[in-house]
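Working notes for the structure below.
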Amino acid sequence: MLTGLYPDGVARLWGSTPTSQTNNEKVRALRDRRVGDSVLFYTGNSFIARATVVQLFTSPVIARAVWGSDENGRTWEHIMALDDFEEFSQPVPALDVLAELQVPRPLRMLTLRSAEDHSRVAHRLPAVHHPQPPHGRTRPSASHTPPLTGPDLLNRLRGLKTNRNTAGGEPSRHQPLALLWAIARIAAGEPRLARWSDFRSEVGPLLSEYGLPGSKVTPEYPFWHLQGSGLWEVRGVGEDAGSMPSVRVLNDTQPEAGLSQDAAELLQDPVTRLEAMLLLRSRYLHDIDLQALLGRLGLTGYTAADGLDDTLEDEHAATATAPERATGAAPRRDVTSSRPVRKAAIVSRVKEIHDFRCQVCETQLRSNQKPYSEAAHIRGLGKPHHGPDELHNLLCLCANHHVLFDGLEIYIDVEGVVRETHGDLPLGPLRQHPDHPIDEKYIDYHRSLCMLNR
């Protein structure tokens, strides 16, 4: 998870120790914080820096490795992963900012506010500095630039030069939404480049429905300006277009745009694609109805751990036969489907290793006078996950926890503790067995899916 958030190898973390209190100021702050919140750092009655929350997680192991423990043996295990960190050139007196936010005092050395609250006081803070590289009409040729890598791709997504509704306010969603649309094309096996008319008709409604409230629907801006990300190209616009062609020119010339060849190739990998979607979600699209958006884009396979089967059904209405009408039996129809073929031997093996007991709750169910459990793939076999059917990618679960695991309602944290996705309530450690090694990369993949769907 940290590698996906910080491919440059430098993690920006802030932690809090646990508390036994139930409703003090610290408890309320931990309970109410959200991805996308602004963080203002405080000392000497002034704010000295700001950052944005891009991920929340609980990990005593990581906390002890980074900060150690206090005199009571506690560590700062409630962790915020931060980005957009910026030190102010001059301290900003905190009194007026806090008064406008209706906050009596900072929580120790920082104050957490929503992006909306932050935009209300942005005029009291220094403007966010975003150096703008010159926009080229096309990406430099591969002969002059090194090949794009996965970490490069994530860094460029993180550094999108998005407009903001106010100085320091929430970034525009136009480019992130256009990129998510382009990623959906890659996942569906469609061409990476699309004509302007198709882009406008498909991306325009996304901007209208999921863009920032009050923002204009201008698909021409991401169509053209995404070139500045180094992940996008536009073909078919003449050299006389200036800094940006007009909509009339786009309508007349019908250029094509989309992900660059190397970006598209990287995003064909399910792991890289998930990391990119998680970054776009946590950084730019954290407060939208993600399941509805993924449904619009044909990415509903990402809302469950088992993915989608390639199922083709007869579309004609089922018609009851004469015997079925006579007996009242339900009508039937033939169905043709294509499903991954599971290896029965490893399914039996994982159940035998764990004596048919759930690795989460230890329950051993019985059915037809026999022990019963279910083998759950950690990274699903179906689209778009395309996980492998091997022992290292399996868990032995009861029916209840299989449903919760596939439904992304529980996940396994970096310490092997099973937690509820919404609220992080620990359910206990995942029971493991020396004869059943689990590949951590599959756990990471499932955990990223859960973070995407929070």
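Expressed in nm to one decimal, what extension gain is obtained for the pair D269 and Q432 from 0.36 nm per residue of sequence separation less their Cα-Cα distance? Let's see the in-between values first.
Details: separation 163, 0.36 × 163 = 58.68 nm, distance 2.90 nm.
So the chain would gain 55.8 nm between D269 and Q432.
Calculated FRET efficiency, S348 and H422, Cβ-Cβ r, R0 30 Å, to nearest 0.05? Mind showing how you got there, number by number?
Working: r = 34 Å, r/R0 = 1.12.
The formula returns an efficiency of 0.35 here.
Provide the gained length on full extension for the span T19 to V61, in nm with one decimal, where the gain is 0.36 nm per separating residue minus the Cα-Cα distance. Spell out each step's value before the answer.
Details: separation 42, 0.36 × 42 = 15.12 nm, distance 1.75 nm.
Extra length available between T19 and V61 comes to 13.4 nm.
Can you pull the percent of the stretch 346-454's accessible area that's carbon plus sulfur, 1.4 Å probe, other chains left in place?
Values: 2390 of 4770 Å².
Carbon-and-sulfur percentage of accessible area, whole number: 50.
Within the stretch 203-234, which residues have the backbone N less than 11 Å from the label spot 7 Å out from A188 along Cα→beta-carbon, could you tell me?
203
Looking at this model, which pairs from K343/K383; K216/K383; K383/K441 are more than 23 angstrom apart at the alpha-carbon?
Numbers: K343/K383 18 Å; K216/K383 35 Å; K383/K441 18 Å.
Going by Cα-Cα distance, K216/K383 fall outside the 23 Å limit.
Hey, with R₀ at 25 Å, roughly what FRET efficiency would N251 and S215 work out to, going by the Cβ-Cβ distance, to 0.05? Let's see the in-between values first.
Details: r = 22 Å, r/R0 = 0.88.
Once the sixth-power term is evaluated, E becomes 0.70.
Once amide H atoms are placed 1.01 Å from N in the peptide plane, what residues at a sequence separation of 5 or more from Q55, or on another chain, have their amide H within under 5 Å of its amide H?
Close amide H contacts, sequence-distant or interchain: A81.
For the stretch 407-454, state the average projected area of the convex hull of the C-alpha atoms over all orientations, rounded to one decimal in nm². Display every interim value, and only then the final one.
Details: hull surface 13.3 nm².
For the stretch 407-454, the mean projected area of the Cα convex hull comes to 3.3 nm².
The values are calculated or read from the model by the stated rules, or taken from the named source; none is laboratory data. Just so you know, these numbers come straight off a predicted model, no measurement behind them. When we count neighbours, we look across all protein chains shown, and the Cβ atoms used for this are built from the backbone with ideal geometry, even at glycine. Accessible surface is based on the protein model in full, side chains and every heavy atom, while ligands, DNA and RNA are left aside. Shrake-Rupley method; radii C 1.70, N 1.55, O 1.52, S 1.80 Å.
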